[in-house]
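Engineer: Handing you a structure now.
What follows draws every value from the coordinates through simple rules; no lab data is involved. Keep in mind that what you see is a predicted model, and the values were worked out from it rather than measured. Using ideal geometry, Cβ is built from the backbone for each residue, glycine included, and neighbour counts are taken over all protein chains shown.
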Amino acid sequence: MLFYVHNIEKIIQKSELRLLIVIGKMNIELKRLIANQFRNTSLGFLRIKRNLGIINFSDSETEDFLRKIILSTLLPNIETKGKNHYFKCFEYNTILTINAYSFTIITAKQIDKILKT
């Protein structure tokens with residue numbers, strides 16, 4: 001019985017989170033949630049490592065690095081457009097595109113390389 005109650009609480013939390021996403025308001029709680037729950041595939045991590053020039057990092061080191069980027073991004077530098085959040089972190093010279101519903105990191109790019117093109 002407790003198992004079902006736990007699942008109901010998760011559903012309620014997810015629906016509240018989706019409400020925040022629909023409104024488009026990034027806040028510190030949502031930013032922390034994304035930092036703790038983002039995900040990616042092995043191929044996704046490989047692409048991220050290549051784009052950020054951290055190819056020698058393990059997947060766990062890459063996760064830690066991405067978490068630092070997310071947490072270091074100031075709230076005014078996080079933009080929500082449609083189904084994605086864009087984290088523009090000048091401290092780490094990085095822009096992360098994160099799906100607002102699944103918290104999958106779609107792309108990671110270096111800011112200075114974007115400006116040069």
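Engineer: My understanding is that a pair violates if its Cα-Cα distance is over 18 Å; which of Lys31/Lys88; Lys49/Lys83; Lys31/Lys68; Lys31/Lys113; Lys88/Lys109; Lys88/Lys113 do that in this structure?
Structural biologist: On the way: Lys31/Lys88 13 Å; Lys49/Lys83 24 Å; Lys31/Lys68 11 Å; Lys31/Lys113 25 Å; Lys88/Lys109 10 Å; Lys88/Lys113 13 Å.
Those over the limit are Lys49/Lys83; Lys31/Lys113.
Engineer: Measuring from label point to label point, each 7 Å out along Cα→Cβ, what is the Ser102 to Arg67 span in nm?
Structural biologist: 2.2
Engineer: Quickly work out the Leu74-to-Arg39 label distance, labels modelled 7 Å from Cα along the C-beta direction, and quote it in nm with one decimal.
Structural biologist: 3.3
Engineer: Also, I was wondering about something else. Could the peptides 98-109, 27-38 be put in order, highest first, of the mean number of other beta-carbon atoms found within 10 Å of their residues? Mind showing how you got there, number by number?
Structural biologist: On the way: 98-109: 17.9, 27-38: 14.7.
The peptides rank, most packed first, as 98-109, 27-38.
Engineer: Right, another one. So which trypsin sites (Lys or Arg not before Pro) in the stretch 54-96 end up in coil per DSSP with only 12 or fewer other C-beta atoms within 10 Å?
Structural biologist: Details: sites: Arg67, Lys68, Lys81, Lys83, Lys88; in loops: Lys83.
Passing sites in the stretch 54-96 are Lys83.
Engineer: Gain in length, Asp112 to Asn27, computed as 0.36 nm per residue apart minus the alpha-carbon separation, to one decimal in nm? Walk me through the numbers on the way to the answer.
Structural biologist: Numbers: separation 85, 0.36 × 85 = 30.60 nm, distance 2.65 nm.
Working it through step by step, the gained length comes to 28.0 nm.
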